[in-house]
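In what follows, a structure is listed as structure tokens, so that the remarks can point back to it.
The values are calculated or read from the model by the stated rules, or taken from the named source; none is laboratory data. Remember, it's a predicted structure, so these values are computed and weren't measured experimentally. We place every Cβ from the backbone using ideal geometry, glycine too, and count neighbours over all the protein chains shown. We work out accessible area using only protein heavy atoms, side chains counted, and drop any ligands, DNA or RNA first. Shrake-Rupley method; radii C 1.70, N 1.55, O 1.52, S 1.80 Å.
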Amino acid sequence: MVVVDVIPVIHNVSSVQRLVDMARLVYGLDIGLLVASRVYGAAAQSGIPEVMRFAFKSGRSFLVLPDVSDVIELLKPDVTLVVTLDYAEELLDPSNPPVYSGRVVIVFNGGEPDFSASEVKLGKPIYIKGVSRRLGAIAEASIILYSLLSRTR
């Protein structure tokens, strides 16, 4: 069995519901840490406290950082994947996902505009094979996290 530490990041999020839904997904998949970066608006005001409460009750961790570069600096991942339809260099096949080892940070875009070119350069841009339109952070995370974790558990 491959040892992998998957750390999902939701980036650029203003929706309380999107932040809470990501936490429910991540903790429901028994992932111990969710990271949020560039959280603003209602998500910053109401979503962060709600997710912190949920994380504490679930025995999980929640980290909020200003930007993706801070995530990479602090967590020092072995692999960083940036989920983006517009810039994808590799398509992940959910039925046969790649196997990674070490610490894998997967960055999902919680907002509507796609990542900037400078944000994409922080990792390896990927998307889901067979999908022609952006699904949204929660749907993308569901498919990608489940498929990657199914190979390691």
Surface per residue (accessible, 1.4 Å probe) for region 109-153, Å²: 50 Å²
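Work out, step by step, the length gained on full extension between M52 and D67: first 0.36 nm times the residue separation, then minus their alpha carbon distance; give nm to one decimal.
Gain on stretching M52 to D67: 3.5 nm.
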Region 37-81 shape via C-alpha gyration tensor axes, a/c threshold 1.5: oblate
Percent carbon-and-sulfur accessible area, region 32-82, ignoring ligands, DNA and RNA, probe 1.4 Å: 55 percent
In Å, descending, principal axis extents of the Cα set of the chain: 37, 34, 27
Accessible heavy-atom area order of E89, E50, E119, highest first, probe of 1.4 Å: E89, E50, E119
Listed residues L91, F56, P125: farthest to the positive end of the dipole of the chain (Cβ charges): F56
Protein-only accessible surface order, largest first, of Y40, Y27 at 1.4 Å: Y40, Y27
Contour minus Cα-Cα distance for T152 and D30 (0.36 nm per residue): 42.6 nm
Size of electric dipole in the chain: Cβ of Lys, Arg +1 and of Asp, Glu -1, about Cα centre, debye, nearest 20: 420 debye
Of all DSSP beta bridges in the chain, antiparallel share, percent nearest 5: 0 percent
